[in-house]
1. Among residues belonging to the range 1-46 that are among the basic types (Lys, Arg) and open to solvent by less than 30 Å² (accessible area, probe 1.4 Å), point out the one that is nearest to residue 303 (Cα to Cα).
2. Taking the range 339-351 only, how many residues are open to solvent by less than 10 Å² (accessible area, probe 1.4 Å) and closer than 22 Å to residue 251 by Cβ?
3. Just name the residue that is surrounded by the fewest Cβ atoms within 10 Å (Cβ to Cβ) out of those in the range 391-438 that are part of a helix (DSSP H, G or I) and of a type in the set (Asp, Glu).
4. Aliphatic (A, V, I, L, M), open to solvent by 30 Å² or more (accessible area, probe 1.4 Å), within 19 Å of residue 210 (Cα to Cα) and in contact (Cβ under 8 Å) with a residue 12 or more places away in the chain: is that true of residue 55 in this structure?
5. Scan 336, 279, 299 and give me the residue that is on the phi < 0 side of the Ramachandran plot, surrounded by fewer than 24 Cβ atoms within 10 Å (Cβ to Cβ) and touching an Asp or Glu at 6+ places or on another chain (Cβ under 6 Å).
6. Being open to solvent by 10 Å² or more (accessible area, probe 1.4 Å), in contact (Cβ under 8 Å) with a residue 40 or more places away in the chain and in a helix (DSSP H, G or I) is the requirement here; does residue 192 meet it?
7. Out of all the residues in the range 439-484, which are of a type in the set (Gly, Ala, Ser), under 19 Å from residue 389 (Cβ atoms) and in a helix (DSSP H, G or I)?
8. Filter the range 366-388 for residues that are farther than 26 Å from residue 268 by Cβ and in a loop (DSSP other than H, G, I, E, B); which is modelled with the highest pLDDT?
Amino acid sequence: MVIEPNRLLQPDVYPHRVGQLELMETHISWVVLTGDWAYKLKKPVNYGFLDYSTLERRKNFCFEELRLNRRLAPEVYVEVVTLNQQDGKLAFQGAGEVVEYAVKMRQFPQAGLYDRQLSQGRLGPSQLDQLGRLVAHFHQQAARAPEDSEFGQPDQVQSPCLDNFSTLYKLEPDHRSSLEQLVHWTETEFERLKPQLKARKQMGFIRELHGDLHLGNVAEIAGHPVPFDGIEFDPELRWVDTMNDLAFLVSDLEHRERPDLGRIARDAYLEETGDYEGLALWDFYILYRWMVRAKVVALKKAQGHPEVAGEIAVYLSQAKARTQPRPVRLVVTHGLSGSGKSYYSQNLLQQEDIVRLRSDILRKSLNGLSPASQSGSGLGQGLYSADQGQRTYQALAEKARRVLLDGHAMVIDAACLKRAQRDLFRGLARDLGVPFQIVSMEASLEVLTERISLRRAQASDASEADLSVLHHQLETQEQIGPDEKDVISATDSLEAGMHWP
């Protein structure tokens with residue numbers, strides 16, 4: 001029996017008082033908003049990659065949706081309920097034959113959805129920073145794929161990529177030329193990345209994740225981001241690489257012409273996980289995610305929504321642009337504590353396609369600490385001993401080398417007060433043949449003191465530098481030499497629009 005969804009817009013269908021009833025539809029489900037509660041029903045469809053064709057399958061997938069989404073949104077997902085029919089009347093949790101199943105959820109204000117907030121200019125960097133860190137913690141806690149499973153094996157990674165193209169070939173024959181170019185790039189990149197794909201599985205980066213992490217599936221509830229509506233219908237689409245899951249969020253922001261917010265989310269995620277090596281797969285997964293969305297839009301178009309046709313062309317255009325190499329370069333900050341290095345790198349991150357690596361955070365990571373934790377180390381002790389300092393700078397250079405070789409521009413946020421530290425990065429750029437710049441920060445002692453005191457009082461930054469550290473730096477710093485021609489002031493860089501010379 002196929003339910004006519006408009007029959008659900010009757011108050012007596014529900015076992016509670018209802019407000020204004022509203023029916024929402026996607027290519028695979030119906031959602032009815034009732035005021036306090038929302039009911040999600042699965043359409044009786046079979047797309048090959050998704051099969052809801054029988055009542056028993058829809059029941060099982062409702063329970064699976066409940067299990068999976070309670071991990072990130074326990075305050076939203078309540079229970080699975082039956083839709084019953086007796087004497088021609090429908091009722092949730094009623095008497096009579098069970099004709100359908102639904103996931104019952106607590107309804108949240110639709111204005112809180114991140115896609116709506118973005119379209120209204122209400123989504124900002126702090127929200128994406130918070131979301132990036134939330135996703136990072138979720139990924140670190142998610143179940144790891146068994147070593148003997150097919151999840152994350154190279155051929156299993158490639159299969160959904162090619163399935164997207166197969167569907168698009170059938171539904172969008174007018175775009176065949178563009179699709180052929182993207183298929184060729186995907187197949188070529190897949191062969192190149194096979195060793196990395198195998199390594200990611202062995203290192204535990206294949207986990208049971210969200211699978212559909214775009215802005216329409218994130219809501220702000222009580223001031224916090226809450227991802228919901230993760231994929232339940234196909235294990236292969238949620239048992240994926242952590243970078244694959246993150247790429248969906250960032251690709252959606254890029255598609256909506258806010259790559260700056262995407263980089264904020266990625267930066268926060270990388271700070272929490274330290275998974276800079278995963279960036280080797282970044283472009284591959286970004287393009288894959290755009291093809292997922294293009295397929296979804298094409299299916300919607302085929303269901304009688306011709307107005308979405310233009311969006312498919314946009315996805316394909318963005319995907320083709322992604323296959324072109326980006327400029328690779330290295331910039332390094334220089335300056336005393338409180339001089340504005342992190343502020344500068346944050347602005348650069350928002351304005352350019354660049355990856356940031358902060359010494360304060362990597363230093364903690366090397367010692368098993370999170371970015372927000374406090375080590376309690378004194379001046380020249382613990383994390384801030386000379387040996388730890390040297391270890392941190394060597395690790396910065398090693399990670400930067402890997403990121404640059406993977407085709408990403410890089411900004412190192414570090415003090416670099418010693419000539420040897422600056423020469424370390426200078427030599428790295430020379431060895432790799434990439435453009436190099438040191439951006440030097442300056443501020444008066446009064447300003448430095450004020451900034452450090454405020455930062456320490458707020459305890460909201462990864463830096464643990466206090467005034468004793470500042471005075472030590474003033475006494476021991478090695479000034480920029482006259483032969484260091486690649487050093488410019490932050491003021492000069494700002495006036496140049498923060499672009500590379």
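1. 43
2. So the answer is 2.
3. First, the residues of the range 391-438 that are part of a helix (DSSP H, G or I): 391-405, 419-432.
This time we only want the ones that are of a type in the set (Asp, Glu), so: 398, 423, 431.
Values: 398: 12, 423: 13, 431: 10.
Filtering first and then ranking leaves 431.
4. Against the criterion (aliphatic (A, V, I, L, M), open to solvent by 30 Å² or more (accessible area, probe 1.4 Å), within 19 Å of residue 210 (Cα to Cα) and in contact (Cβ under 8 Å) with a residue 12 or more places away in the chain), residue 55 does not qualify.
5. 279
6. Details: open to solvent by 10 Å² or more (accessible area, probe 1.4 Å): yes; in contact (Cβ under 8 Å) with a residue 40 or more places away in the chain: no; in a helix (DSSP H, G or I): yes.
Here the answer is no, as residue 192 does not meet what is asked.
7. Filtering the range 439-484 for residues of a type in the set (Gly, Ala, Ser) gives 440, 443-444, 453, 457, 459-460, 462-463, 465, 468, 481.
From what's left, under 19 Å from residue 389 (Cβ atoms): 462-463, 465, 468.
Once the filter is applied, which keeps residues that are of a type in the set (Gly, Ala, Ser), under 19 Å from residue 389 (Cβ atoms) and in a helix (DSSP H, G or I), the range 439-484 yields only 468.
8. My answer is 385.
The values are calculated or read from the model by the stated rules, or taken from the named source; none is laboratory data. Because the structure is a prediction, the values reported are computed rather than measured. Using ideal geometry, Cβ is built from the backbone for each residue, glycine included, and neighbour counts are taken over all protein chains shown. For accessibility, only protein heavy atoms count, side chains too; no ligands or nucleic acids. Shrake-Rupley method; radii C 1.70, N 1.55, O 1.52, S 1.80 Å.
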